[in-house]
């Protein structure tokens, strides 16, 4: 299978008030055509910046280096015109807050049709028909009426459905979904994950699903990358990762979150401390100060992301279940 | 059994909606909400966003007016207290909010934020004594006493939530309401805060009303769980019973929809809840859940009473005895 997305040695630094914040550090990642890959990490781990870098949407104070190849073509620092022709057509992204991703003063139908008018040069009437069909396809009831409504007249779940539909209008090769269900209630969250699943089957779109919640990613992704402090610390097939995490951070993430189907203990497992300040230099393993397996070596020497078996990699001097 | 610390009886809250004062329509945000909260106990409250969870918290504290019912605190109705008496009573009932930074005054130092409840409720205390109590409390919630001189924006989200908890604990309350208190925190921090709350409860014997949309966290902390839908309690049961044998179709759908970590364990068979709750102002008559319920029948056009299904287990469903047995989800 050829990779639709191949990221290599990607680093992103933000300059703010004289300080340089290393948001992404030498990140590498591959997504095969039609594959669903999960990216998991806590706030500040760099998972959103990774999505923004692929979309070419990093803010002006960000300096990126490395390589992002999309369908074999380098898109990091590509000319604006190229990115603009890709975004929304071949390359789409949906965000956590569907309200702020829609233009508040334009009707839903106009916003959807615009995508086809712009990218496909479709006559507006035909674009409207295609938009209506897509709304029905993503499970919006009474789609004809919804086409005439404004974003604020729709519920959060419906807005996210609209955005998923909008992102799929041009049949993109890659959809980046950044916390698409975090703002939604659990029942609606299950609906949206189910919809992404169906859409992926139908349109053969590769999906990068970004979430802080391992359980949400579990429902969809075949492979998972775990991020901590701007680096990928572990990657494995989803089933393997859940069964036997290698990096202590992954193990802690799995253990810390209370589970509805796990045995109850009097106390929740916790991870002491908090993630490092990315504006300060990090020596050795960034996770070492919170890690129960850390040794003197971990504070001195940064572990490289090395193959653990044919499909898994971990960046740890003392991995679990070797 | 001891008399409950807090008894909420038929609590009703109404809101008015509409742009024009004359044409405003009133709608019911909370209807017939009744439950008990014994001392040293945690009661969990779950439901979708907009169902009235926070409204209930605010109505209990009289931060918003109630349209009917009673809120009995050790037998005394908070809803009829005079302003002055209410203010004195409030030291016993404290609340922690979801957004830790937004609920702390950015212009006050952490020391002033924690000292303020003491100035109000223990005015006789000297400045030195107040500082000592503030420092003790900071240490108790896992921060350092010297942090009293800092401002809220200098802290991380998890630390701000510790400050929010410390402030609530300063007047030594007997009831702590946690309104989505861990919902905006990362999982590794969430557990720290949940454990802190459990420890504080064990040390002080305070009761907690733990409001969250996160069923897994509620399952972990609660002894009794209340399930709310569109402003009505639809089910109330002891924790283990609620999660092992939920009765109300809404509770079942809610539990079935929680994502499972084991790949493939997501319950395809679980009753998938379609659509989203209608807005409160257009809640269906009769059973409010009937517009989304797979088991709705003609009888559901009448409001179902909350009836006893087992010891401590109440459920508001006409079809209770016709529902299929609950099949536990794959482990």
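Laboratory data are not the source of any read-out in this text; all were calculated from the coordinates shown. If you're wondering where the values come from, they're calculated on a predicted model, not measured in any experiment. Positions of Cβ are generated from backbone atoms using ideal geometry, with glycine treated the same way; all protein chains shown enter the neighbour counts.
Spin-label pair residue A:243-residue A:149: with each label point 7 Å from Cα along the Cα-Cβ axis, the two points sit 4.5 nm from one another. Take the Cα of residue B:74, step 7 Å toward its Cβ, do the same at residue B:183, and the gap between the two points is 3.2 nm.
If a/c stays under 1.5 just call it rounded; otherwise compare a/b with b/c (prolate if a/b is bigger, oblate if not). Do that for region B:124-224, with a ≥ b ≥ c from the square roots of the Cα gyration tensor eigenvalues.
On the way: a/c = 2.47, a/b = 1.45, b/c = 1.70.
Here region B:124-224 falls in the oblate category.
For region A:139-225, the square roots of the Cα gyration tensor eigenvalues, ordered a ≥ b ≥ c, give a/c of at least 1.5 with a/b no greater than b/c, which places it in the oblate category. For the pair region A:167-212 / region A:266-322, the C-alpha centres are spaced 30 Å from each other. Residue by residue along A:248-258, Cβ atoms of other protein chains within 10 Å of the local Cβ number 4 on average. Scaled to the globular estimate 2.2 N^0.38 Å, the Cα spread of region B:36-84, given as radius of gyration, is 1.26. Summarising the label geometry, the points placed 7 Å from Cα in the beta-carbon direction at residue B:123 and residue A:103 lie 5.9 nm from one another.
Counting only DSSP beta bridges with both residues in the protein assembly as shown, the antiparallel share comes to about 60 percent.
Rounded to whole Å, the principal axis extents of the Cα atoms in region B:13-155 read 53, 36, 30, largest first. Sorted ascending by nearby beta carbons within 10 Å, beginning with the fewest, A:126, A:302 become A:126, A:302. Ranked by how many other Cβ atoms sit within 10 Å of their own Cβ, fewest first, the residues A:205, A:103 fall in the order A:103, A:205.
Comparing Cα centroids, region B:176-227 and region B:87-109 end up 17 angstrom apart. Across peptide B:215-221, the mean count of Cβ atoms from other chains lying within 10 Å of each residue's own Cβ comes to 5. Just checking the listed ones, A:232, A:224, A:108: in the Gaussian network model of chain A with Cα springs under 10 Å, the one fluctuating most is A:108.
For chain A, what proportion of DSSP beta bridges, expressed in % and rounded to the nearest 5, is antiparallel?
On the way: 30 of 49 bridges.
Just about 60 percent of them are antiparallel.
Relative contact order (percent) for chain A, with alpha-carbon contacts under 8 angstrom and 6 or more residues of separation? Kindly include the intermediate steps, with their values, before the conclusion.
Working: 608 pairs, mean separation 64.7, N = 322.
It comes to 20 percent, rounded to a whole number.
From the Kirkwood radius over Cα pairs of chain B, Stokes-Einstein at 25 °C and 0.890 mPa s returns a whole-number translational diffusion coefficient of 115 µm²/s.
For region B:17-86 and region A:29-80, write down the distance between their C-alpha centroids in whole Å. After rounding, the separation between the Cα centres reads 47 Å. Note on the protein assembly as shown: Cα-only Rg and Dmax are 26.0, 77 Å. Using bins of 20 Å that start at zero, the share of Cα-Cα pairs per bin across chain A amounts to 31, 56, 13, 0, in whole %.
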